[in-house]
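Asks: One structure, pasted below without further comment.
What follows draws every value from the coordinates through simple rules; no lab data is involved. Here the structure is a predicted model, which is why all the values come from computation and not from measurement. Here the Cβ is made from the backbone with ideal geometry for all residues, glycine too, and neighbour counts use every protein chain on show.
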Amino acid sequence: MGSSAVQQVKVAVIGSGFGGLGAAVRLRQEGEHDFVVLERGASVGGTWRDNSYPGCACDVPSHLYSFSFAPNPDWPRTFSGQPEIRKYLEGVVDRFGLRGHLRFHHTVTGARWDEGTARWEIETEQGRYSAQVLVAATGPLSDPSVPDVPGIADFPGEVFHSAQWNHDYDLAGKRVAVIGTGASAIQIVPAIQPKAGRLVLFQRTPPWVMNRMDRDITAAERFVYRHLPASQKALRGALWLVREYQVGAFVKRPGLLKVPEALALANLRKHVKDPALRVKLTPDYRFGCKRVLLSNTYYPALAQPNVDVVASGLKEIKGSTLVASDGTEHEVDAIVFSTGFHVTDLPVAEHITGMNGRTLAEEWEDGMAGLRGTTVRGFPNLLLIIGPNTGLGNSSMVLMIESQLNYLADYLRKLGSTGAAALDVTASAQLRWSDEVQRRMARTVWNTGGCRSWYLDAKGNNTTLWPGTTAHFRRETRTVDLHEYDLIRTPAAAPVNV
Ligand SMILES: Cc1cc2nc3c(=O)[nH]c(=O)nc-3n(C[C@H](O)[C@H](O)[C@H](O)COP(=O)(O)OP(=O)(O)OC[C@H]3O[C@@H](n4cnc5c(N)ncnc54)[C@H](O)[C@@H]3O)c2cc1C
């Protein structure tokens, strides 16, 4: 247990993935040194610390999936692996002198807005903090979701989630079930298939899979990037631009997606010769409705004789036998749940309590909402990194994070210049924003493509993705418009609308 004294800081950041570290760098660049980064893990990296499964790599090219302010000329591959990305983030800590701000093993168990002091009172497993501004960078994909399958408690073998890989368990020769066919599963399956005795893939829905243009980045290229930084910048720009153009098809003209759909079908035909397997692997919804997955090795792995694709979900477990919804039974030694994360029911929302004792989870009972993906009515001076409707289907989340960092920097400036203790979004500004986002969402392939994806919440609303280009989001988050906020001038005083 830590000390019982409350540590006072200007800003408390929760999380040390791309979002939390980015916030820390930006705070320092803005001349703000009075902040801590509270992290429940033992090191930084977030996604890239936790997901160490075989084959784990980014699916947006590394030269785009990295901070613009911390280019890495030494990326080893187009789509670098988890160890390299984790090393990169550790490098960011040292490059920007962040170590002194980091507090590991500091799970935030509660953060309560105190209307009397106009501050966030934060409880962690190692002591209390009081902050004027709270930045929650807890990650959209950081809390693993494991379905409550009947009989799982009595399964005698090994069970783990893809984000909590048990490296002590040797899969060699074992009968392994992989549950799920999302972005993690399609990396895991080809990586473990050669080792496993038998691999049973439980597939509720087949994904659309495109070829991944992955290759080693040569020493010569790296030399050029190191000595001619403009060349790396140009590459990043080109990678960004292609994705900016692509998004139009997802958002406005899903009809255009017939072209990549045909390419994906050709990819399937090329690698899977067995007609019955091909039928199982052919999606019955529009390309792009679920995240499009990139792999050159997934289909070839599924075509191997030691692999069974069960085109059905997992219904129950009887001893070591997995029973699929289609009634087939499969005896296995180990189960790997590649079943994603709590995305629209973020656990941290239950621990953040705003005005009138209302938790963020209660506020979001009908779905996540906020202004510009960042602030939420009734939660003054709380900024969410990767909040509602900031996710991307096809480009780098780091671009969105950096936009939110611009907003954070301007937020702190405005807070200082107005002399207010806090800012609270007006209900009308938040509603206007959410309505506009949902209006643009209505025609996207994510909402109209005929699938049920993790982008949608329990009510079927898409509260996760950004229906536009990253440039559009950048413009929308460049500055804080004070007309969208109530100013809380003195503690416990009534808000003043400007
Ligand atoms: C396997 C995988 C591959 C991905 N590949 C890509 C890709 O190629 N391109 C892309 O754009 N995106 C990708 N993503 C999405 C990825 O999550 C984001 O790009 C980005 O890493 C999110 O950063 P973050 O800091 O917001 O969250 P995270 O990296 O999840 O970090 C959140 C941090 O908050 C900490 N935390 C959470 N709750 C608490 C608490 N209560 N108290 C204290 N600390 C807490 C966590 O321990 C974690 O360290 C991928 C995701 C996964 C899971």
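Asks: Out of 247, 259, 224, which single residue is touching a helix residue (DSSP H, G or I) at 6+ places or on another chain (Cβ under 6 Å) and assigned to a helix (DSSP H, G or I)?
Replies: Numbers: 247 fails: touching a helix residue (DSSP H, G or I) at 6+ places or on another chain (Cβ under 6 Å); 259 fails: touching a helix residue (DSSP H, G or I) at 6+ places or on another chain (Cβ under 6 Å).
Answer to the check: 224.
Asks: Further, regarding this structure: What is the residue count in region 85-110 for residues that are crowded, with 19+ Cβ neighbours inside 10 Å and over 21 Å from residue 32 (Cβ atoms)?
Replies: Residues in region 85-110 being crowded, with 19+ Cβ neighbours inside 10 Å and over 21 Å from residue 32 (Cβ atoms): 3 in total.
Asks: So, residue 122, is that one more than 26 Å from the chain's Cα centre (by Cα), surrounded by 15 or more Cβ atoms within 10 Å (Cβ to Cβ) and β-branched (Val, Ile, Thr) or not?
Replies: Values: more than 26 Å from the chain's Cα centre (by Cα): no; surrounded by 15 or more Cβ atoms within 10 Å (Cβ to Cβ): yes; β-branched (Val, Ile, Thr): yes.
The answer is no for residue 122.
Asks: Can you find a residue in region 372-385 that is under 14 Å from the mean Cα position of the chain (by Cα), within 15 Å of the ligand (Cβ to nearest atom) and hydrophobic (A, V, I, L, M, F, W, C)? Walk me through how you get there before you give the answer.
Replies: Restricting attention to region 372-385, the residues satisfying the condition of being under 14 Å from the mean Cα position of the chain (by Cα) are 373, 384-385.
Still in the running and within 15 Å of the ligand (Cβ to nearest atom): 373, 384-385.
Keeping just the survivors that are hydrophobic (A, V, I, L, M, F, W, C) gives 384-385.
Checked against the condition, which is being under 14 Å from the mean Cα position of the chain (by Cα), within 15 Å of the ligand (Cβ to nearest atom) and hydrophobic (A, V, I, L, M, F, W, C), region 372-385 yields at least one hit.
Asks: Quick one: would you say residue 367 is within 13 Å of the ligand (Cβ to nearest atom) and assigned to a loop (DSSP other than H, G, I, E, B)?
Replies: Details: within 13 Å of the ligand (Cβ to nearest atom): no; assigned to a loop (DSSP other than H, G, I, E, B): yes.
No, not satisfied.
Asks: Select from region 33-48 the residues that are crowded, with 20+ Cβ neighbours inside 10 Å and outside any strand (DSSP E or B) and list them in ascending order.
Replies: Answer for region 33-48, where residues must be crowded, with 20+ Cβ neighbours inside 10 Å and outside any strand (DSSP E or B): 39, 44, 45, 46, 47, 48.
Asks: Could I ask something else about it? Please tell me if residue 394 is away from the ligand (no atom under 14 Å from the Cβ) and either farther than 24 Å from residue 361 by Cα or not basic (Lys, Arg) (or both). Spell out how you get there, then give the answer.
Replies: Details: away from the ligand (no atom under 14 Å from the Cβ): no; either farther than 24 Å from residue 361 by Cα or not basic (Lys, Arg) (or both): yes.
Taking the combined requirement at face value, the residue does not satisfy it.
Asks: Could you list all residues from region 1-40 that are small (Gly, Ala, Ser) and closer than 14 Å to residue 408 by Cα?
Replies: Taking region 1-40 as the starting set, the residues that turn out to be small (Gly, Ala, Ser) are 2-5, 12, 15-17, 19-20, 22-24, 31.
Correct list: 12, 19, 20, 22, 23, 24, 31.
Asks: Return the only residue of 191, 219, 183, 234 being farther than 18 Å from residue 311 by Cα and touching a residue at least 40 places away in the same chain (Cβ under 8 Å). It would help to see each step written out before you state the result.
Replies: Values: 219 fails: touching a residue at least 40 places away in the same chain (Cβ under 8 Å); 183 fails: farther than 18 Å from residue 311 by Cα; 234 fails: touching a residue at least 40 places away in the same chain (Cβ under 8 Å).
Result: 191 is the single residue among 191, 219, 183, 234 that is farther than 18 Å from residue 311 by Cα and touching a residue at least 40 places away in the same chain (Cβ under 8 Å).
Asks: Next up: Could you figure out which of (1) touching a residue at least 24 places away in the same chain (Cβ under 8 Å); (2) surrounded by fewer than 16 Cβ atoms within 10 Å (Cβ to Cβ); (3) under 11 Å from residue 336 (Cβ atoms); (4) not aliphatic (A, V, I, L, M) isn't true of residue 147?
Replies: So the condition that residue 147 fails would be (3).
Asks: Same structure again: Filter region 125-138 down to the residues that are near the ligand (Cβ under 10 Å from one of its atoms) and surrounded by 23 or more Cβ atoms within 10 Å (Cβ to Cβ), then identify the one that is nearest to residue 331 (Cα to Cα). Walk me through how you get there before you give the answer.
Replies: Pass one, region 125-138, residues near the ligand (Cβ under 10 Å from one of its atoms): 125, 136-138.
Then drop every residue that is not surrounded by 23 or more Cβ atoms within 10 Å (Cβ to Cβ), which leaves 136-138.
Working: 136: 43, 137: 41, 138: 37 Å.
Step by step, filter region 125-138, then rank; the result is 138.
Asks: Considering only residues that are free of Cβ contacts under 8 Å to residues at least 40 places away in the same chain and away from the ligand (no atom under 11 Å from the Cβ), which ones fall in region 53-80? It would help to see each step written out before you state the result.
Replies: At the first step, the residues of region 53-80 found to be free of Cβ contacts under 8 Å to residues at least 40 places away in the same chain are 58, 62, 72, 80.
Scanning region 53-80 gives a single hit, 72.
Asks: Just wondering, is there one or more residues in region 91-103 that are within 10 Å of the ligand (Cβ to nearest atom) and of a type outside the set (Lys, Arg)? Spell out the reasoning first.
Replies: Pass one, region 91-103, residues within 10 Å of the ligand (Cβ to nearest atom): 103.
When the remaining residues are screened for being of a type outside the set (Lys, Arg), the result is none.
The answer is no, given that none of the residues of region 91-103 is within 10 Å of the ligand (Cβ to nearest atom) and of a type outside the set (Lys, Arg).
Asks: Being under 18 Å from residue 384 (Cα atoms) and more than 7 Å from the ligand (Cβ to nearest atom) is the filter here; which residues of region 22-52 pass it?
Replies: Looking only at region 22-52, we keep the residues that are under 18 Å from residue 384 (Cα atoms), and these are 22-27, 35-40, 45-47.
Residues satisfying the conditions are 22, 23, 24, 25, 26, 27, 35, 36, 37.
Asks: Here's a follow-up. Report whether or not residue 121 is over 26 Å from residue 454 (Cβ atoms), touching a Ser or Thr at 6+ places or on another chain (Cβ under 9 Å), within 11 Å of the ligand (Cβ to nearest atom) and acidic (Asp, Glu). I'd like the intermediate steps shown before the answer.
Replies: Values: over 26 Å from residue 454 (Cβ atoms): yes; touching a Ser or Thr at 6+ places or on another chain (Cβ under 9 Å): yes; within 11 Å of the ligand (Cβ to nearest atom): no; acidic (Asp, Glu): yes.
No: the conditions fail for residue 121.
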